[in-house]
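Everything on this sheet refers to the single structure shown next.
The values are calculated or read from the model by the stated rules, or taken from the named source; none is laboratory data. The structure presented is a predicted model; accordingly, all values stated were derived computationally and were not measured. Glycine also receives a Cβ, built like all others from the backbone with ideal geometry; neighbour counts cover every protein chain displayed. Surface accessibility is based on the protein's heavy atoms, side chains included, excluding ligands, DNA and RNA. Shrake-Rupley method; radii C 1.70, N 1.55, O 1.52, S 1.80 Å.
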Amino acid sequence: MAGFKFKRQFLIGRYIVDFVCLEAGLIVELDGSQHANETIYDGFRDTYLRSRGFRVLRFWNTEFLTNQDGVLEALLCQLESPPHPDPLPQQGERG
């Protein structure tokens, strides 16, 4: 994607992320319905990953399946914008 390479099912600390672009410091999570009940866990996880310098984008599986162009556009936008040099921890995002 735009010359960026992603790794799949990659270990960062004690967490396995769905996809990561190490070059851009971007993690992409595709969430199934079980994540609707795991918002606290996902929030702690995302805070940890952000503390390691990563940006975290979350998309629902159904969103990816029904709006691939929109998801890919959001990813490209993130890949083309440099990360903030000192990001503040945030709650999980939904793309």
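If you scan region 45-59, which residues turn out to be exposed (fewer than 14 other Cβ atoms within 10 Å of the Cβ) and not hydroxyl-bearing (Ser, Thr, Tyr)? Across region 45-59, the qualifying residues are Arg52, Gly53.
Once region 8-27 is narrowed to residues that are open to solvent by 60 Å² or more (accessible area, probe 1.4 Å) and either closer than 16 Å to Gly53 by Cβ or among the aliphatic types (A, V, I, L, M) (or both), the residue that is modelled with the lowest pLDDT is Glu23. Selection of first residues in region 68-95 that are among the acidic types (Asp, Glu) and surrounded by 13 or more Cβ atoms within 10 Å (Cβ to Cβ) and of second residues that are in a helix (DSSP H, G or I) and modelled with pLDDT under 50, restricted to Cβ pairs under 8 Å at least 6 apart or on distinct chains, gives an empty result.
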